[in-house]
Amino acid sequence: MSEKKTTETALHKNPFWALGLTTRDDRHRIVAHAEERALLSDHNVCQRARADLTNPKARLSWELAWMPGVAPRMAEKILRALSENPVGARDEEGLPELAKANLMASALELVSDDEPASSVAEFIRDFAWVVESIDPDDLLRDVNEDRAISGFPEVRGIDIEEELTARRKAYRNTLKNLLDTMAPEKLIESMTRTVDEATDGGTAHGPALIDELVDSYEVETQGFLEKGSENIATLIKNARAVAPKGEQAVEPIIDKLAKVARNWDRVAQPIQLSAKSRGIVHTPSRDLAYELRSLGVELNNEYKMLGQTNRIIKLLQELFAELPEVAEKLDEDEAAITGLRQDANEREKQNDEWARNITFSAKVGVVFKDELSISPKGVTWKGKNYPLETITRVIWGGVRHSVNGVPTGTEYTIGIGDSRGCISIKIRREATYSKFIDAVWRAVGVRLIFDMLGALKEGHSFNFGEITVEDSHVTLVRHKFLGANERVRLPWHDVHVWSADGGFVIGAQTDKKVYSSASYIHVWNTHILEYVILGGFKKGVNKLSDYLKD
């Protein structure tokens, strides 16, 4: 049997409970009860409770922390039952959303230390969805109905919104306090199960409370993940150093690398799942995937270690399945680039497979649907065809929308353009978006990489918003608090890159004020630029066009 915790919950500390009152009691009854209770318990506590409940503004906070919309006798019955059977309180039926959320939050305070992670995760998931379902309009009605009886002035919708924000913060703190009591292994398992169940494995939007919880988890695990990334980088460096000695020298290092990478991914798993459900990329995971992929490619191309390369590929597929734009595409991208560099006869053999990989079609639209398709003949949308060889520009990305803090879905944008014009396609289904982008990358993306590298080598430059890209340099903006911003031209070895706020950012390594960004969904070919720069950085080249050199 699990031992239940005996500490009082937030509901037990609420002034309504402390004074034995309901939300329908008037000022006179509040004062009378406070005076009676002061004779039997702490006088200061009773006076403070009276002040909180007779002040209309302070009262609203306690009303929303109580059980609005629940009959007084039912509220008393539920709260007494909470102390006796906190597990049973989780499944209390027929309560308004906020009252149910407050009851579940108090039950979370009573979770036993030995409750299995699977049960805790299920409880947190259910709690988060209840919080997500709170309707401010229904809550406004319930509060004002009780105030009409108690004689306190009605509240406005904006007052409810402000207090709901405070309630959500309190719920988040309750969850953090629960997780902080757990051993690290149980905490990680609870977080992973919670996010996995709430987002259906990262394929659906989870409740906002889960997103906020994961954001806090990410901050707290940042130190571990950074240290783990450093350890993995060291092992990769060691593997490269001993590779000339043969596969027997490399194998034990790959063994250690797999163990460390799996442990790193175990901690990062909740973050990866949450990022996938939100249509964003967990940058540290993506960077780690590229580092591992680069080692695998080098072991195969330079030392013909096909066995170790296959181990790394399988490890990537195992660890980074939550990164649709990285995990499965890493080895495919390299195969596509290798195929383009092979002789014509070899490429001809691959044409059928290439055609299958880039062929996709789907109906897009809510009521009136249009067919979106891609094949060796080109991209077709609303009856207009763009031959693959004419496409010079691509964009894609997703934006999550919400109303009053409530998620309403992610809208994905895909853009295709040639020298004459462009099209913009809005998609709601993640599966359609992901499959189409995979096909576009194979059909057009690889060619655009070669086109960009060739043009850079010939001395051309490209502009991406405020960023000007040359073969050996990049021009960014120094942002000034006072005075006009200025342009700064830097060699590639003096900058670093990252992703933030839906864009690809390049910044100076020694001056935080020097940086510029290009939006993934508003600036053409930002994804192409990112691939080229990351590839060049992995090889340590001084000129981007040297990326394809052996």
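All conditions but one from (1) surrounded by 13 or more Cβ atoms within 10 Å (Cβ to Cβ); (2) in contact with a Leu (Cβ under 6 Å, 6 or more places away or on another chain); (3) of a type in the set (Gly, Ala, Ser); (4) without any contact (Cβ under 8 Å) to a residue 40 or more places away in the chain apply to GLY228; the one that does not is (2). Taken together, VAL45, VAL31 contain a single residue that is open to solvent by 60 Å² or more (accessible area, probe 1.4 Å) and part of a helix (DSSP H, G or I), which is VAL45.
Inside the range 512-550, residues that are in a loop (DSSP other than H, G, I, E, B), open to solvent by 40 Å² or more (accessible area, probe 1.4 Å) and either out of contact with any Leu (no Cβ under 9 Å at 6 or more places or on another chain) or among the β-branched types (Val, Ile, Thr) (or both) make up a count of 8. Just one of the listed residues (ALA249, ALA204) is open to solvent by 10 Å² or more (accessible area, probe 1.4 Å), in contact with a helix residue (DSSP H, G or I) (Cβ under 7 Å, 6 or more places away or on another chain), among the aliphatic types (A, V, I, L, M) and at pLDDT below 95, namely ALA204.
Candidates in the range 366-411 are the residues that are open to solvent by 40 Å² or more (accessible area, probe 1.4 Å) and among the small types (Gly, Ala, Ser); of these, the one that is nearest to TRP524 (Cα to Cα) is GLY383. The set of residues in the range 271-311 being of a type in the set (A, V, I, L, M), in a loop (DSSP other than H, G, I, E, B) and touching a helix residue (DSSP H, G or I) at 6+ places or on another chain (Cβ under 7 Å) consists of VAL281, MET305.
May I ask you to verify whether THR475 is within 30 Å of the chain's Cα centre (by Cα) and polar (S, T, N, Q)? The answer is no for THR475. Only one entry in ILE124, ILE78 is modelled with pLDDT of 95 or more and either in a helix (DSSP H, G or I) or at positive phi (or both), namely ILE124. Of all the numbered requirements in (1) in a helix (DSSP H, G or I); (2) in contact with a Ser or Thr (Cβ under 7 Å, 6 or more places away or on another chain); (3) of a type outside the set (Ser, Thr, Tyr), LEU110 misses one, and that requirement is (1). Only a single item in (1) surrounded by 16 or more Cβ atoms within 10 Å (Cβ to Cβ); (2) within 30 Å of ASP26 (Cα to Cα); (3) touching a residue at least 40 places away in the same chain (Cβ under 8 Å) is not met by GLY151, and it is number (1). Residue count for the range 116-129 satisfying the condition of being under 24 Å from LYS77 (Cα atoms) and surrounded by fewer than 19 Cβ atoms within 10 Å (Cβ to Cβ): 1.
The rows are residues; the columns are (1) over 13 Å from THR174 (Cβ atoms); (2) free of Cβ contacts under 8 Å to residues at least 60 places away in the same chain; (3) open to solvent by 30 Å² or more (accessible area, probe 1.4 Å).
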{"position": "ALA81", "(1), (2), (3)": "yes, yes, yes"}
{"position": "PRO86", "(1), (2), (3)": "yes, no, no"}
{"position": "ALA89", "(1), (2), (3)": "yes, yes, no"}
{"position": "GLY94", "(1), (2), (3)": "yes, yes, yes"}
{"position": "LEU103", "(1), (2), (3)": "no, no, no"}
{"position": "VAL111", "(1), (2), (3)": "no, no, no"}
{"position": "ASP114", "(1), (2), (3)": "yes, no, yes"}
{"position": "VAL131", "(1), (2), (3)": "no, no, no"}
{"position": "PRO136", "(1), (2), (3)": "yes, no, yes"}
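Scan the range 52-76 for residues that are open to solvent by 10 Å² or more (accessible area, probe 1.4 Å) and either more than 18 Å from LEU11 (Cα to Cα) or among the charged types (D, E, K, R) (or both) and jot them down. Within the range 52-76, ASP52, THR54, ASN55, PRO56, LYS57, ARG73, GLU76 qualify.
The listed residues are LEU60, LEU95, and the only one of them that is part of a loop (DSSP other than H, G, I, E, B) and either modelled with pLDDT of 90 or more or under 18 Å from ARG29 (Cβ atoms) (or both) turns out to be LEU95. Against the conditions (1) open to solvent by 60 Å² or more (accessible area, probe 1.4 Å); (2) touching a helix residue (DSSP H, G or I) at 6+ places or on another chain (Cβ under 9 Å); (3) of a type in the set (S, T, N, Q); (4) part of a strand (DSSP E or B), SER499 satisfies every one except (1).
Here the condition is being among the aliphatic types (A, V, I, L, M) and farther than 27 Å from ASP113 by Cβ; of ALA183, ALA233, it holds for ALA233 alone. When you scan the range 298-309, do you find a residue that is open to solvent by 50 Å² or more (accessible area, probe 1.4 Å), among the β-branched types (Val, Ile, Thr) and either modelled with pLDDT of 80 or more or within 25 Å of ILE425 (Cα to Cα) (or both), even just one? There is no residue in the range 298-309 that is open to solvent by 50 Å² or more (accessible area, probe 1.4 Å), among the β-branched types (Val, Ile, Thr) and either modelled with pLDDT of 80 or more or within 25 Å of ILE425 (Cα to Cα) (or both).
Note on the range 12-28: among residues that are without any contact (Cβ under 8 Å) to a residue 60 or more places away in the chain and open to solvent by 80 Å² or more (accessible area, probe 1.4 Å), the one that is nearest to PRO96 (Cα to Cα) is LYS13. Hey, can you tell me all the residues within the range 414-431 that are among the β-branched types (Val, Ile, Thr) and open to solvent by 10 Å² or more (accessible area, probe 1.4 Å)? Residue satisfying the conditions is ILE423 alone. Contact annotation: residue pairs with Cβ atoms under 8 Å, 6 or more positions apart or on different chains, pairing a residue in the range 352-364 that is of a type in the set (D, E, K, R) with a partner that is outside any helix (DSSP H, G or I), are LYS363/LYS369; LYS363/ASP370; LYS363/GLU371; LYS363/LEU372. When the residues of the range 254-274 are filtered to those that are free of Cβ contacts under 8 Å to residues at least 60 places away in the same chain and buried (at least 18 other Cβ atoms within 10 Å of the Cβ), the one that is farthest from LEU306 (Cα to Cα) is ILE271.
Criterion applied to ILE271, ILE280, ILE312, ILE210 was being modelled with pLDDT under 95, among the aliphatic types (A, V, I, L, M) and within 16 Å of the chain's Cα centre (by Cα), and the one residue passing it is ILE280. A residue that is more than 24 Å from ALA208 (Cα to Cα) and assigned to a helix (DSSP H, G or I) occurs somewhere in the range 149-166.
The values are calculated or read from the model by the stated rules, or taken from the named source; none is laboratory data. The shown structure was predicted, so the numbers you read here are calculated from the model rather than taken from an experiment. Positions of Cβ are backbone-derived with ideal geometry, glycine not excepted, and every protein chain shown enters the neighbour counts. The area values use the complete protein model at the heavy-atom level, side chains included, leaving out ligands, DNA and RNA. Shrake-Rupley method; radii C 1.70, N 1.55, O 1.52, S 1.80 Å.
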